[in-house]
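The values are calculated or read from the model by the stated rules, or taken from the named source; none is laboratory data. As the structure is a computational prediction, the values presented were derived from the model and not from experiment. Neighbour counts run over all protein chains shown; Cβ positions are idealised from the backbone, glycine included.
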Amino acid sequence: MTRSARFLLVLSVLVLASLACQALTGGGDSAPEPAAPMEEETLPEAPEPTQEQEVEQPTEAEESAPSAGLGFETEFPVPDDASNGYDLGGGMISFQTGLSIEESLAFYRDSLAAEGYTEREINTAITDTTFSIVFDGHESGQAIVIQAVDLGSGSVNVTIRFEDM
């Protein structure tokens with residue numbers, strides 16, 4: 001077989017292999033169709049209470065819930081100015097406060113010590129812009145881990161969670 005014949009044979013095999021791969025994977029030059037836009041879900045409006053209907057008033061426990069405007073309840077202490085809160089599930093929350101790193105650290109040390117928790121000082125790490133502290137004594141047996149970072153815009157992001165340690 002001549003050199004040019006071998007070249008044509010190899011080239012033909014490569015072209016056929018390429019076409020076979022495209023056919024098997026459904027390849028082609030066409031772009032996928034864009035998904036249809038999602039329709040906004042509208043919720044039915046709540047009916048206005050009539051005179052016969054009693055308007056439910058929050059209980060005293062609901063009024064004193066320590067959510068501090070987070071939009072959810074939590075058993076963790078939170079500063080009064082806490083905002084942008086997220087319940088991340090699994091006993092973990094995150095929010096922002098206008099307290100400085102030093103003020104946030106003092107808040108959690110004072111609040112949790114007052115509730116009978118003990119700081120695990122070996123796990124304490126503090127810098128100018130962050131801290132991480134761990135408290136023991138929760139009835140679940142898990143530690144309470146509090147971590148904060150200065151966002152540099154006059155707010156500090158705080159994350160609190162339970163953790164097996």
Between residues in the range 79-100 that are on the phi > 0 side of the Ramachandran plot and surrounded by 14 or more Cβ atoms within 10 Å (Cβ to Cβ) and residues that are assigned to a strand (DSSP E or B) and of a type in the set (D, E, K, R), which pairs lie under 7 Å by C-beta distance while being six or more apart or on different chains? 91/161
Mind checking which residues of the range 107-119 are aliphatic (A, V, I, L, M) and surrounded by 17 or more Cβ atoms within 10 Å (Cβ to Cβ)? 112
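So that you can scan it fast, the table gives a plain yes or no per residue for (1) of a type outside the set (Val, Ile, Thr); (2) farther than 23 Å from residue 71 by Cα; (3) modelled with pLDDT of 95 or more:
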site: 84; (1), (2), (3): yes, no, no
site: 88; (1), (2), (3): yes, no, no
site: 101; (1), (2), (3): no, yes, yes
site: 107; (1), (2), (3): yes, no, yes
site: 118; (1), (2), (3): no, yes, yes
site: 133; (1), (2), (3): no, yes, yes
site: 145; (1), (2), (3): no, no, yes
site: 149; (1), (2), (3): no, no, yes
site: 154; (1), (2), (3): yes, no, no
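Just give me the residues in the range 72-104 being among the aliphatic types (A, V, I, L, M) and part of a helix (DSSP H, G or I), in sequence order.
The answer is 101, and nothing else.
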Result of the Cβ filter at 7 Å on the range 135-146, keeping first residues that are farther than 14 Å from residue 113 by Cα and touching a residue at least 12 places away in the same chain (Cβ under 8 Å) and partners that are acidic (Asp, Glu) and not in a strand (DSSP E or B), at least 6 apart or interchain, is 142/164
Within the range 120-138, the residues that are within 18 Å of residue 164 (Cβ to Cβ) and surrounded by 14 or more Cβ atoms within 10 Å (Cβ to Cβ) are 120, 123, 132, 133, 134, 135, 136, 137, 138
